[in-house]
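Have a look at the structure below before the remarks.
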Amino acid sequence: MLKKNHFLIGLLLAFLMSLGNIAHAADSFALMDTAGKKHTLAQYKGKWVLVNYWATWCPPCLEEVPDLVALYDSRKNKDVMVIGVVFDYESAKDVADYVDDMLMSYPIVLGDDEVSRQIGNADVLPTTYIYNPKGELVKIKHGKVTKQYLETFIAGSTQKK
């Protein structure tokens, strides 16, 4: 019985810690992109903010880039901000070359433990953290996203108001 209680307490603590991670991610962040520009959640108040975790070696990440670029380019001056966070990379130069090859027009951040601490873990790539215009974390999408998926999600969330 004692072992069972310890197991349940451990499970409960792990669950509570994961909730704390999500709640913390919703608070705020401050990220420096590869161009030296600082991005904070607060500066994008009024916009949907998509923080997309990816890697240069990740096929689904490669597949979603054109859709993220299309979404960002069409809505960056209206209601959407996309920030790409690259993890598990060889060098900043390799990332820059990849970004140029893929015509990635949105800001790119070199991911590290500090980024994960502020936003959330990069256990699965790609992962997209979606913040509503109030700055609240409303969705963590593991796996590939498409422009259609994101536009449908945003439209559905906007209509619920």
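The values are calculated or read from the model by the stated rules, or taken from the named source; none is laboratory data. Model, not experiment: these values are computed from the prediction. With ideal geometry, Cβ positions are generated from the backbone for all residues, glycine too; neighbour counts draw on all protein chains shown. These area figures cover heavy atoms from the full protein model, side chains too; ligands, DNA and RNA do not enter into them. Shrake-Rupley method; radii C 1.70, N 1.55, O 1.52, S 1.80 Å.
Provide the gained length on full extension for the span L62 to K78, in nm with one decimal, where the gain is 0.36 nm per separating residue minus the Cα-Cα distance.
3.2 nm
Which whole-number value in Å² is the accessible area per residue of region 64-161, probe 1.4 Å?
Here the residues of region 64-161 average 50 Å² of exposed surface.
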**Asked** Carbon and sulfur: what percent of region 25-161's accessible surface (1.4 Å probe)?
**Response** 51
**Request:** List the residues whose amide H sits under 5 Å from the amide H of H39, counting only those 5 or more places along or on another chain, with H placed 1.01 Å from N in the peptide plane.
**Result:** L31, M32, D33
**Asked** For region 65-161, what Kirkwood radius comes out of the mean inverse Cα-Cα distance, in Å?
**Response** 14.5
**Asked** Which residues' amide hydrogens lie under 5 Å from the amide hydrogen of V138, considering only partners 5 or more residues apart or on another chain, with H built in the peptide plane?
**Response** I130, Y131, N132
**Complete:** Rounded to one decimal in nm, the spacing of the 7 Å Cα→Cβ label points at V138 and T158 is 1.0
**Prompt:** Distance from the Cα centre of region 39-63 to that of region 83-161, in angstrom?
**Reply:** 2
**Request:** Measure off 7 Å from each Cα along the Cα-to-Cβ vector at V124 and D101, then give the distance between these two points in nanometres to one decimal.
**Result:** 2.7
**Prompt:** How high is the relative contact order of region 24-161, given as a whole-number percent (alpha carbon pairs under 8 Å, six or more residues apart)?
**Reply:** 34
